[in-house]
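Structure first, commentary second.
The values are calculated or read from the model by the stated rules, or taken from the named source; none is laboratory data. In this text, all values refer to a predicted model and were calculated from it rather than measured experimentally. Cβ placement follows ideal geometry from the backbone for every residue including glycine, while neighbour counts extend to all protein chains displayed. Please note that ligands, DNA and RNA were not included when accessible areas were found on the heavy atoms of the full protein model with its side chains. Shrake-Rupley method; radii C 1.70, N 1.55, O 1.52, S 1.80 Å.
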Amino acid sequence: MRSLVVIPTYNEAKTIVRTIREVLSIKSDLSILVVDDSSPDGTQAVIQQEYGSEPRVNLLVRKAKQGLGVAYLEGFDWAFSRDFDFIVEMDADGSHRAEDLVKLLSLSIDADLVIGSRWVAGGEVLNWPAVRVFISKAGNGYARFMLGTNILDMTSGFRVFKSEFLQKLVSEPVSSHGYSFQVELAYRASKSGKVIEEPITFVERVDGKSKMTLAIVLEALTKVTFWGLKRILS
């Protein structure tokens, strides 16, 4: 069973080497695809210098920054064309621990989607201020209510899909570009497949800059409201 870890990057030169090293160390049959949006900080060059001769590390460079969702979709297509059995979403900044990935992969045999969850029992977040914890929990609660799901961490970006299932999920156009992309896929998955949440420890980045902006938050709020009203009124 072949698994591919898809890692989108934009200005992650300070973190990507450590993330790749930790992922490669946990399982010999794991491959990595870094999808880089032509990072001006030289992320692409760092990967080529450190892992240019490593066959398990692949690099897909896009011409410009177009959003998280578009980057993942291109990464998924790359994986589909190479017949990987499982596809992993994972951040480059160290917030997702490789040791937790082992648990997610083991559960993926019996599920269509396994979500690394901060908000199920046993999950935790390190180094977040209380206000950020509140915003994340409130946002997930709103999404859960509007969309009628039982998923506690709809916005988690740490997850494992069965490739065949994911290919069906994205066969219809995905409307989200920012972090609402994660909500949209989790919502689709909850309606058509088996979803498991596994507790993880999320660690706030220590290097680099967060990509979260007000525009991304507003996009997610708007789309969740639209999807929810469409569900309620249909």
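Observations, loosely collected:
- Residue satisfying all of: in segment 23-40; among the polar types (S, T, N, Q) and under 16 Å from E54 (Cβ atoms); nearest to the chain's Cα centre (by Cα) among these: S31
- Among the residues of segment 199-224, those that are open to solvent by 40 Å² or more (accessible area, probe 1.4 Å) and either of a type in the set (S, T, N, Q) or at pLDDT 95 or above (or both) comprise S210, T213, T222.
- When segment 176-196 is filtered for residues that are outside any helix (DSSP H, G or I), of a type in the set (S, T, Y) and open to solvent by less than 50 Å² (accessible area, probe 1.4 Å), only S176 remains.
- Residue-level analysis places E124 outside the set of residues that are open to solvent by 70 Å² or more (accessible area, probe 1.4 Å), in contact with a helix residue (DSSP H, G or I) (Cβ under 8 Å, 6 or more places away or on another chain) and under 30 Å from V17 (Cβ atoms).
- Verdict on L101 being under 12 Å from S156 (Cβ atoms), modelled with pLDDT of 95 or more and within 15 Å of the chain's Cα centre (by Cα): no
- Considering residues of segment 100-121 that are touching a residue at least 12 places away in the same chain (Cβ under 8 Å) and small (G, A, S) only, the residue most open to solvent (accessible area, probe 1.4 Å): A121
- Matching helices (runs of 4 or more DSSP H) fully within segment 1-91 where at least 3 residues are under 25 Å from G178 (Cα atoms), polar (S, T, N, Q) and open to solvent by less than 60 Å² (accessible area, probe 1.4 Å): none
- Taking every residue in segment 127-138 that is touching a residue at least 12 places away in the same chain (Cβ under 8 Å) and pairing it with any residue that is in a helix (DSSP H, G or I) and open to solvent by less than 90 Å² (accessible area, probe 1.4 Å), at least 6 positions away or on another chain, the pairs with Cβ-Cβ distances below 9 Å are W128/S136.
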